[in-house]
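K.L.:
So that we are looking at the same thing, I have put the structure below in structure tokens.
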């Protein structure tokens with residue numbers, strides 16, 4: 001009787017699999033919902049920046065055949081957008097302010113973006129700016145207002161660690177700092193840090209070879225939030241109070257490509273380093289967009305976590321046009 005039951009169970013499983021297979025239907029591409037390409041624009045302005053940059057691309061439809069040469073947008077350095085593929089070189093990009101002053105931003109092919117020196121069109125605190133972009137597939141527009149005030153880093157703490165990467169020891173800088181919230185208004189913050197230091201460049205596995213060159217290299221920090229602070233913060237319930245940054249980490253790289261196109265091993269030269277501590281008082285567009293992108297990136301493709309919609313303030317398009325008013329404290333360590 002036991003064998004009969006097992007055979008019946010097996011037969012039931014086979015029947016279930018057969019019925020599941022019958023539910024699979026191939027839908028012709030012609031019957032799929034039509035998704036149209038959209039203009040994607042990213043631009044972030046600040047009175048403290050020396051260059052105004054605008055990146056213009058074309059979105060890839062969710063459905064249909066995806067070109068293998070096309071890429072996607074990602075946030076690098078917290079507000080720098082890198083896009084591989086879908087680049088638009090023949091757009092007309094115009095930035096204007098509330099005083100009816102405007103400037104057309106030319107395309108710079110080596111970097112595949114539109115840029116001008118900020119001295120040609122200074123960005124002012126408290127001013128409202130409009131970005132108009134005209135492309136072969138359509139026109140888009142966005143508006144943002146630069147925050148009037150900024151606040152500077154205080155009570156900073158910097159220490160160093162020795163990190164072992166595959167048996168090679170390298171220097172790791174750990175950084176965090178505070179700042180006081182600008183009272184009496186809603187504020188949105190994020191932080192940045194960079195480290196510029198001399199490095200010994202040479203070929204070979206020895207840390208102290210007889211021949212090497214010394215070059216100054218700039219490294220960008222990242223934030224690990226181990227102290228419970230978020231990368232993107234608001235002053236909600238903390239108006240006028242002290243706010244702390246996440247823990248910033250600057251890893252000195254081991255492998256460096258120098259300007260002659262050759263690669264070198266890089267070791268900390270043991271000299272003084274210049275560290276910048278940045279506090280960005282951003283508008284809500286900046287906060288909403290970057291926070292949503294970060295939440296989605298941290299889900300790491302987990303199919304059981306509901307994705308967060310990525311907001312956009314680009315009319316008829318995608319992306320983000322936002323502003324910040326930043327302070328930069330330079331420390332020699």
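K.L.:
With the condition kept exactly as written, say whether any residue in the range 118-127 is in the same structural domain as residue 318 (by TED's automatic domain parsing), under 13 Å from residue 47 (Cα atoms), outside any strand (DSSP E or B) and under 22 Å from the mean Cα position of the chain (by Cα). Explain how you work it out, then say what you get.
P.N.:
First, the residues of the range 118-127 that are in the same structural domain as residue 318 (by TED's automatic domain parsing): 118-127.
The next check asks that each one be under 13 Å from residue 47 (Cα atoms); those that pass are 118-127.
From the residues that got through so far, the ones that are outside any strand (DSSP E or B) too are 118-127.
Next cut, under 22 Å from the mean Cα position of the chain (by Cα) only: 118, 123.
Checked the range 118-127: at least one residue is in the same structural domain as residue 318 (by TED's automatic domain parsing), under 13 Å from residue 47 (Cα atoms), outside any strand (DSSP E or B) and under 22 Å from the mean Cα position of the chain (by Cα).
K.L.:
Is it the case, given these coordinates, that residue 151 is surrounded by fewer than 21 Cβ atoms within 10 Å (Cβ to Cβ) and at negative phi? Explain how you work it out, then say what you get.
P.N.:
Values: surrounded by fewer than 21 Cβ atoms within 10 Å (Cβ to Cβ): yes; at negative phi: yes.
Taking the combined requirement at face value, the residue satisfies it.
K.L.:
Out of the residues in the range 200-254 that are at positive phi and at pLDDT below 95, state the one that is farthest from the chain's Cα centre (by Cα). Spell out how you get there, then give the answer.
P.N.:
Looking only at the range 200-254, we keep the residues that are at positive phi, and these are 204, 225, 228, 237, 240.
Filter once more, keeping what is at pLDDT below 95: 204, 225, 228.
Details: 204: 34, 225: 16, 228: 20 Å.
Restricting to residues being at positive phi and at pLDDT below 95, the top hit is 204.
K.L.:
Against the definition (surrounded by 21 or more Cβ atoms within 10 Å (Cβ to Cβ) and either part of a strand (DSSP E or B) or modelled with pLDDT under 90 (or both)), how does residue 329 come out, yes or no? Break it down stepwise before answering.
P.N.:
Values: surrounded by 21 or more Cβ atoms within 10 Å (Cβ to Cβ): no; either part of a strand (DSSP E or B) or modelled with pLDDT under 90 (or both): yes.
For residue 329, the condition - surrounded by 21 or more Cβ atoms within 10 Å (Cβ to Cβ) and either part of a strand (DSSP E or B) or modelled with pLDDT under 90 (or both) - is not met.
K.L.:
Further question: Can you name every one of the strands (runs of 3 or more DSSP E) wholly within the range 134-225 that holds 1 or more residues which are in contact with a helix residue (DSSP H, G or I) (Cβ under 8 Å, 6 or more places away or on another chain)? Talk me through it step by step, then tell me what you get.
P.N.:
Working: elements: 138-145, 154-165, 168-180, 188-202, 213-220.
It comes to 138-145, 188-202.
K.L.:
Please state which one of 285, 313 is in a loop (DSSP other than H, G, I, E, B), in contact with a strand residue (DSSP E or B) (Cβ under 9 Å, 6 or more places away or on another chain) and modelled with pLDDT of 95 or more. Talk me through it step by step, then tell me what you get.
P.N.:
Details: 285 fails: in a loop (DSSP other than H, G, I, E, B).
When all the criteria are applied, what remains is 313.
The values are calculated or read from the model by the stated rules, or taken from the named source; none is laboratory data. Source: prediction; values computed, not measured. Virtual Cβ from ideal backbone geometry, glycine too; neighbours counted across all protein chains shown.
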